[in-house]
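The values are calculated or read from the model by the stated rules, or taken from the named source; none is laboratory data. Everything numeric in this text was worked out from a predicted model, so none of it was measured. Here Cβ is always computed from backbone atoms with ideal geometry, including for glycine, and neighbour counts include all displayed protein chains.
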């Protein structure tokens, strides 16, 4: 996992960002992962999307579920490398077998259209087999522009959004000391 020690117990609910304890309580037991549901967390930089994704991933690991985290630009580099060395099919199969696949910061870096097609193949192979958690600075309504290929974007959204828990965060960065709530 990316953020060492990220846990659901340490989530800050007091920071004004629209995070509801009820949403996290609904996800806490990892039933959503076992039910092969998805989770999409969107919001601006520094609002805690990655921390929340890692905390949910750590919880899934504690619950005995096979979980893997990828920062989206590194996932796309791994897909390119796997295509170049002939291991793409194996990588896609490995990712399809995970109980929870976390992709952090989708849309942060521009990716070639074929890489989004590979991502679509992974997501398609995961339907009914595993849960996917995505974070993005972009609201879902802007993913068509982010992905670039309308057909691939439609297919990805169709597979990800319809059975997803959606957490839409807003507010000032948690890293900004001026935005911390008073005790």
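Residue check: residue 162 meets all listed conditions (1) surrounded by fewer than 18 Cβ atoms within 10 Å (Cβ to Cβ); (2) in contact (Cβ under 8 Å) with a residue 24 or more places away in the chain; (3) within 25 Å of residue 25 (Cβ to Cβ) but one, namely (2).
Every residue, every condition in (1) closer than 26 Å to residue 12 by Cα; (2) free of Cβ contacts under 8 Å to residues at least 60 places away in the same chain; (3) within 13 Å of the chain's Cα centre (by Cα), yes or no:
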position	(1), (2), (3)
85	no, yes, no
92	no, yes, no
95	no, yes, no
106	yes, yes, yes
115	no, yes, no
124	no, yes, no
152	no, yes, no
155	no, yes, no
170	yes, no, no
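Applying a threshold of 8 Å to beta carbon distances and a minimum spacing of six or more residues, or different chains, the list of pairs starting in the range 1-22 at a residue that is on the phi < 0 side of the Ramachandran plot and at pLDDT 85 or above and ending at one that is surrounded by 14 or more Cβ atoms within 10 Å (Cβ to Cβ) and part of a loop (DSSP other than H, G, I, E, B) reads 19/11; 19/48; 19/169. Looking only at the range 1-43, residues that are within 16 Å of residue 103 (Cα to Cα) and either in a helix (DSSP H, G or I) or more than 16 Å from the chain's Cα centre (by Cα) (or both) come to 1 in all. Given the structure, is residue 51 under 19 Å from residue 107 (Cα atoms), in a helix (DSSP H, G or I) and in contact (Cβ under 8 Å) with a residue 40 or more places away in the chain? Yes: the conditions hold for residue 51.
Kindly establish whether residue 46 is closer than 26 Å to residue 142 by Cβ, touching a residue at least 60 places away in the same chain (Cβ under 8 Å) and either touching a helix residue (DSSP H, G or I) at 6+ places or on another chain (Cβ under 9 Å) or assigned to a loop (DSSP other than H, G, I, E, B) (or both). Against the criterion (closer than 26 Å to residue 142 by Cβ, touching a residue at least 60 places away in the same chain (Cβ under 8 Å) and either touching a helix residue (DSSP H, G or I) at 6+ places or on another chain (Cβ under 9 Å) or assigned to a loop (DSSP other than H, G, I, E, B) (or both)), residue 46 qualifies.
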